[in-house]
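Down below is the structure, laid out as structure tokens.
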Amino acid sequence: MDGLAPLDFGAVWQYRVPFAWGLWTTVWIAAVAFAIAVPAGLILAWGRIRGRWWVNLPIMGFVDVMRFTPLLVQAVWIHFALPALTGASMTATQSGLLALTLHVSAYVCDILRAGIVAIPKGQWEAARALGLRNRHTVVRVVLPQVWPLVLPPLANVAVGTFKLTAILGILAIDDMMKVANRINNMVFRPVEIYTAVAGAYLLVGLLLTAGANAVERRFGAARQAGRMRRAQAMGRPGALAGRPDGA
Amino acid sequence: MELDPGIVLRNLPALLDGLRITGLAFLAALGVGLPLGALVCAARLRGGVWGALGQGYVAVLRAIPEMVLIFWMFYVLPPLLGVRGSGLVLGSLALGLVTSAYLAEIFRAGVQSVGRGQWEGARSLGLPARVIWTRVAIPQAARLAIPPFVNALTELLKGTTLLATIGVADLALKAYVLGAQTFRYMEFLTAIAVLYFIVIFPVARLAERVEHRLAAAMK
């Protein structure tokens, strides 16, 4: 050990207010991105199932591009390259939020599509036979059966959304990661600062994972009933899935 | 705005250099993640204290954002252990640890999917344990584990871009720096986005197809 100074978490405590603001920024960006991504993903999923090819294909392309390119590249592209195209420059927060929302909505689209497809055709036919309007069939018959199927994977996506916000610190968004970098540049106490920040992220991550597991326990039975084989494919590993095994 | 795609080709050597670093980080992380994942999987299957340790390991590494772990490793590990490491080494190590947690769970799900009758049958035939593993359990487990395994690899490849944030000159950082120097972000960033896509897309699609066929076969 070459002269590791005794640990001094004073710097972390001294800057507790900026850290708290950073944590708040992280949480609200994740919450807003997820809250927009769910309805957006539902619309996309609907377009994929019901749309004609000129609706279906562009959505499929969008979802694939979002899922198969890194979020970091997407965020940087939206913040630096897109303004050249549109002429309108966005703040870092706007760019980051847009990138995260688009990224997550692609995953949500996939999950909801699998959930809707898993509802047996008989449900649609029976609703029609009863004379229900299309809108009622969807809102009253199909979607209530879709939610229990998709809640566990959606809960995992919510955890993933929180984890992905840490990437947005590369833009000038003062999330917890960026705040840590800024403070470290001032006081140079990397050991204490990054340990504290990692602890905070870990704590929130574990809490969210526990929540997702509770959802899984509550609604996992629907999947075990074999209604949604394809949903098992959705426990994808990586940022957006807590349970890669799909178990 | 006028696009100048030629600028990407003129800077190809720099980008290829970045690609080499990306590949290096990917392989290094896999070199850490693959054996460690198998080890953690073995611990979890064993149960007891080892199983609990493995469970905690997986829970922690899946709850913490990769980005945060990379920064922690990069800034905290060297002074803590008194070692010196480049961003590439420490960053790949962080990615490798995260990958090992995911792989451990994938392997475990695969092994546990092998029916009890398979183990009992193999044992009653008098097969030695090693043969049961290599000839009976692993071939069946692999069938189920291949699609999520491939997905984990694509996630890892996407994850290598995070090393750009600690100054590793991977493909993403090269493209960003070139974009900043020439103010041609559009060309460079689009070029690498396309590159990531054409590497990941076919592999991920193939994995999905295998997955659907497996699901259909198990109905």
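The values are calculated or read from the model by the stated rules, or taken from the named source; none is laboratory data. Remember, predicted model here, so these are calculated numbers, not experimental data. Reconstructed Cβ throughout: ideal geometry from the backbone, glycine too, with neighbour counts over all protein chains shown. In case anyone asks, the SASA skips ligands and DNA or RNA and just uses the protein heavy atoms, side chains included. Shrake-Rupley method; radii C 1.70, N 1.55, O 1.52, S 1.80 Å.
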Next on the checklist: Test of understanding: among A:204, A:187, A:215, A:191, which residue is open to solvent by 20 Å² or more (accessible area, probe 1.4 Å), over 26 Å from residue A:93 (Cα atoms) and either β-branched (Val, Ile, Thr) or facing chain B (nearest Cβ under 9 Å) (or both)?
Outcome noted: A:215
Checklist entry - List the pairs whose first member sits in the range A:186-209 and is acidic (Asp, Glu), whose second member is open to solvent by less than 50 Å² (accessible area, probe 1.4 Å), and whose Cβ atoms are under 8 Å apart, counting only residues at least 6 apart or on separate chains? => result A:192/A:11; A:192/A:12
Item to check | Matching entry among B:153, B:189, B:206 (being within 16 Å of residue A:77 (Cβ to Cβ) and either facing chain A (nearest Cβ under 7 Å) or open to solvent by 10 Å² or more (accessible area, probe 1.4 Å) (or both)) | outcome: B:189
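When the residues of the range A:53-78 are narrowed to those that are within 13 Å of chain B (Cβ to nearest Cβ) and open to solvent by 40 Å² or more (accessible area, probe 1.4 Å), which ends up nearest to residue B:165 (Cα to Cα)?
For the range A:53-78, the residue satisfying everything is A:77.
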Checklist entry - Which one of the conditions (1) open to solvent by 10 Å² or more (accessible area, probe 1.4 Å); (2) under 26 Å from residue A:160 (Cα atoms); (3) more than 12 Å from chain A (Cβ to nearest Cβ) does residue B:135 fail to meet, given that it meets all the rest? => result (2)
Checklist entry - Does residue A:104 count as open to solvent by 60 Å² or more (accessible area, probe 1.4 Å), hydrophobic (A, V, I, L, M, F, W, C) and closer than 27 Å to residue A:146 by Cα? => result no
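Okay, residues lined up against (1) of a type in the set (Phe, Trp, Tyr); (2) in contact with a Pro (Cβ under 7 Å, 6 or more places away or on another chain); (3) within 19 Å of residue A:115 (Cα to Cα):
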{"residue": "A:141", "(1), (2), (3)": "no, no, yes"}
{"residue": "A:159", "(1), (2), (3)": "no, no, no"}
{"residue": "A:163", "(1), (2), (3)": "no, yes, no"}
{"residue": "A:186", "(1), (2), (3)": "no, no, no"}
{"residue": "A:195", "(1), (2), (3)": "no, no, no"}
{"residue": "A:209", "(1), (2), (3)": "no, no, no"}
{"residue": "A:216", "(1), (2), (3)": "no, yes, yes"}
{"residue": "A:219", "(1), (2), (3)": "yes, yes, yes"}
Item to check | Among (1) away from chain B (no Cβ under 14 Å); (2) open to solvent by 40 Å² or more (accessible area, probe 1.4 Å); (3) over 20 Å from residue A:190 (Cβ atoms) - the single one residue A:27 does not satisfy | outcome: (1)
Checklist outcome for this item: When (1) modelled with pLDDT under 95; (2) open to solvent by 20 Å² or more (accessible area, probe 1.4 Å); (3) within 29 Å of residue B:164 (Cα to Cα) are applied to residue A:92, the one that fails is (2)
Checklist entry - Do we have any residue at all in the range A:112-135 that's within 27 Å of residue A:75 (Cβ to Cβ), open to solvent by less than 30 Å² (accessible area, probe 1.4 Å) and part of a helix (DSSP H, G or I)? => result yes
Item to check | Selection within the range B:31-51 - part of a helix (DSSP H, G or I) and open to solvent by less than 30 Å² (accessible area, probe 1.4 Å) | outcome: B:33, B:37, B:40, B:41, B:43, B:51
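Okay, residues lined up against (1) modelled with pLDDT of 95 or more; (2) over 22 Å from the mean Cα position of the chain (by Cα); (3) surrounded by 23 or more Cβ atoms within 10 Å (Cβ to Cβ):
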| position | (1), (2), (3) |
| --- | --- |
| B:80 | no, yes, no |
| B:89 | no, no, no |
| B:100 | yes, no, yes |
| B:115 | no, yes, no |
Checklist entry - Taking residue A:39, is it more than 14 Å from chain B (Cβ to nearest Cβ), within 14 Å of the chain's Cα centre (by Cα) and surrounded by fewer than 18 Cβ atoms within 10 Å (Cβ to Cβ)? => result yes
Checklist entry - What number of residues within the range B:192-203 are open to solvent by less than 70 Å² (accessible area, probe 1.4 Å), more than 7 Å from chain A (Cβ to nearest Cβ) and free of Cβ contacts under 8 Å to residues at least 12 places away in the same chain? => result 1
Next on the checklist: What's the total number of residues in the range B:163-182 that are in contact (Cβ under 8 Å) with a residue 12 or more places away in the chain, assigned to a helix (DSSP H, G or I) and open to solvent by 10 Å² or more (accessible area, probe 1.4 Å)?
Outcome noted: 8
Checklist entry - Only one residue in B:42, B:38, B:104 is closer than 22 Å to residue B:145 by Cα and touching a Cys at 6+ places or on another chain (Cβ under 6 Å). Which one? => result B:104
Item to check | Complete set of residues in the range B:74-119 that are more than 10 Å from every other protein chain (Cβ to nearest Cβ) and more than 24 Å from residue B:64 (Cα to Cα) | outcome: B:111, B:114, B:115, B:116, B:117, B:118, B:119
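Per-residue answers, yes or no, for (1) modelled with pLDDT under 95; (2) farther than 13 Å from residue A:113 by Cβ; (3) of a type in the set (Val, Ile, Thr):
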| position | (1), (2), (3) |
| --- | --- |
| A:2 | yes, yes, no |
| A:37 | no, yes, no |
| A:47 | yes, no, no |
| A:67 | yes, no, no |
| A:76 | yes, yes, yes |
Checklist entry - Quick one: is residue B:201 more than 20 Å from residue B:113 (Cβ to Cβ), part of a helix (DSSP H, G or I) and not small (Gly, Ala, Ser)? => result yes
Item to check | Residues (facing chain A (nearest Cβ under 8 Å) and either hydrophobic (A, V, I, L, M, F, W, C) or in contact (Cβ under 8 Å) with a residue 40 or more places away in the chain (or both)) located in the range B:49-73 | outcome: B:59, B:60, B:62, B:63, B:64, B:66, B:67, B:68, B:69, B:71, B:72
